[in-house]
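K.L.:
My questions will all concern the structure given below.
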Amino acid sequence: MSFETDLLEAAEDELDRAMTLGWRELVKLTPWGDTFEGFTPGGREVCFERTYLWERETGGDIRVEVSVYEPRTFEDGVRLTRTITKETGGSNE
């Protein structure tokens, strides 16, 4: 598995996990972010960064960002983004 594919698979999995919370749960926490260490499907040690931000205005849609990178190479990592809409309370992929 290539380096890029490994990071992308890890980021997709983490983004899917990040999207399990709905708008009603996240409105109380947004803006919020966290970084933690873990492993990719290929066994690489990486940092996972998860962030919930307001898409435009406070109280509106929530942008979910996930970055996965090796501890000393943030700029070579992968970043994915999705939106949790206020209207549906779920993801807008």
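The values are calculated or read from the model by the stated rules, or taken from the named source; none is laboratory data. Everything numeric here is computed off the predicted structure, so don't read it as measured data. Here Cβ is always computed from backbone atoms with ideal geometry, including for glycine, and neighbour counts include all displayed protein chains.
K.L.:
Between a first residue in segment 70-93 that is closer than 16 Å to Glu37 by Cα and a second residue that is among the hydrophobic types (A, V, I, L, M, F, W, C) and modelled with pLDDT of 75 or more, which pairs have beta carbons less than 6 Å apart while being 6 or more apart in sequence or on different chains?
P.N.:
Listed by first residue and then by second, the contacts come to Glu70/Val46; Pro71/Cys47; Gly77/Val68; Val78/Leu7; Val78/Leu8; Val78/Ala11; Val78/Val68.
K.L.:
For Ala18, state whether it is hydrophobic (A, V, I, L, M, F, W, C), surrounded by 13 or more Cβ atoms within 10 Å (Cβ to Cβ), modelled with pLDDT under 95 and under 29 Å from Glu87 (Cα atoms).
P.N.:
yes
K.L.:
Still on this structure, please answer the following. Only residues that are in a loop (DSSP other than H, G, I, E, B), of a type in the set (Ser, Thr, Tyr) and touching a residue at least 12 places away in the same chain (Cβ under 8 Å): list them for segment 16-45, please.
P.N.:
Residues satisfying the conditions are Thr30, Thr40.
K.L.:
Taking only segment 46-73 into account, find how many residues are outside any loop (DSSP other than H, G, I, E, B) and under 14 Å from Leu8 (Cα atoms).
P.N.:
Looking only at that region, the number is 9.
K.L.:
Here's a follow-up. If you scan segment 1-15, which residues turn out to be of a type in the set (A, V, I, L, M) and not in a loop (DSSP other than H, G, I, E, B)?
P.N.:
Matches in segment 1-15: Leu7, Leu8, Ala10, Ala11, Leu15.
K.L.:
Go through segment 57-87 and report how many residues are surrounded by fewer than 14 Cβ atoms within 10 Å (Cβ to Cβ) and under 16 Å from Leu29 (Cα atoms).
P.N.:
Of the residues in that region, 3 qualify.
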